[in-house]
Amino acid sequence: MPATAKRRFEMEYSINASPKILFPYIASASGLSQWFCDDVRLDPDHRLNMVWDKQSHFAEIAAQRPGRSIRYVFLDEQKRPLLDANYLDFTLEASRITDEVFLRVTDYSDHTDTQEQQELWESLVSKLRDQVGG
């Protein structure tokens with residue numbers, strides 16, 4: 001079975017909430033479970049178990065800048081690192097000129113349908129906006 005090529009999908013979304021309010025939604029299990037997936041559990045090894053459609057997807061935090069950005073790198077079913085692993089980056093940026101806050105999403109995966117991926121993220125970010133009132 002040939003490996004599928006990974007693609008990097010990147011979008012920015014304006015969200016009417018401060019980075020201080022937004023960061024817990026992108027960097028905590030309870031925050032993520034409110035908009036990003038069905039459930040998120042933190043295991044004793046500090047790995048995240050993100051659940052979609054009753055399926056577990058394990059990830060670990062690879063990098064974090066408190067209040068600003070976080071990267072989740074996905075693991076295999078045995079919670080081991082993968083070569084060329086899928087990852088998600090969430091970065092918050094505030095415009096000093098307009099006071100707008102942007103969430104930049106970088107989704108590195110083998111998702112092939114860019115349109116479908118764009119619609120998925122639009123829907124997820126819409127749920128996030130509903131949660132933060134922005």
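In this structure, does residue 55 turn out to be surrounded by fewer than 17 Cβ atoms within 10 Å (Cβ to Cβ) and touching a residue at least 60 places away in the same chain (Cβ under 8 Å)?
Values: surrounded by fewer than 17 Cβ atoms within 10 Å (Cβ to Cβ): yes; touching a residue at least 60 places away in the same chain (Cβ under 8 Å): no.
Judged against the criteria, residue 55 is not a match.
Has the range 23-34 got any residue that is under 19 Å from residue 91 (Cβ atoms), surrounded by fewer than 15 Cβ atoms within 10 Å (Cβ to Cβ) and not aliphatic (A, V, I, L, M)?
Looking through the range 23-34, at least one residue is under 19 Å from residue 91 (Cβ atoms), surrounded by fewer than 15 Cβ atoms within 10 Å (Cβ to Cβ) and not aliphatic (A, V, I, L, M).
Is it the case that residue 26 is under 23 Å from residue 129 (Cβ atoms), more than 13 Å from the chain's Cα centre (by Cα) and outside any strand (DSSP E or B)?
Taking the combined requirement at face value, the residue does not satisfy it.
Could you say which residue among 105, 73, 101 is closer than 13 Å to residue 10 by Cα and of a type in the set (A, V, I, L, M)? Don't jump to the end; show me each part of the working.
Numbers: 73 fails: closer than 13 Å to residue 10 by Cα; 101 fails: closer than 13 Å to residue 10 by Cα.
When all the criteria are applied, what remains is 105.
Here is a yes/no grid of residues against (1) under 24 Å from residue 131 (Cα atoms); (2) hydrophobic (A, V, I, L, M, F, W, C); (3) part of a strand (DSSP E or B):
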| site | (1), (2), (3) |
| --- | --- |
| 35 | yes, yes, no |
| 78 | no, no, no |
| 90 | yes, yes, yes |
| 103 | yes, yes, yes |
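Tally the residues that are in a helix (DSSP H, G or I) and not hydrophobic (A, V, I, L, M, F, W, C), restricting the search to the range 14-23. Spell out how you get there, then give the answer.
Step one: filter the range 14-23 for residues in a helix (DSSP H, G or I), giving 19-23.
Of the ones still in play, those that are also not hydrophobic (A, V, I, L, M, F, W, C) are 19-20.
Qualifying residue count, the range 14-23: 2.
What residue, among those in the range 85-134 that are farther than 21 Å from residue 5 by Cα and β-branched (Val, Ile, Thr), is surrounded by the fewest Cβ atoms within 10 Å (Cβ to Cβ)? Give the derivation first.
To start, the set of residues in the range 85-134 that are farther than 21 Å from residue 5 by Cα comprises 90-104, 122-134.
Then drop every residue that is not β-branched (Val, Ile, Thr), which leaves 91, 97-98, 101, 125, 132.
Values: 91: 18, 97: 6, 98: 8, 101: 21, 125: 19, 132: 18.
Taking the candidates together, the pick is 97.
FYI, it's all coordinate maths here, none of it is from the lab. As the structure is a computational prediction, the values presented were derived from the model and not from experiment. Every residue, glycine among them, receives a Cβ derived from its backbone with ideal geometry; neighbour counts consider all protein chains shown.
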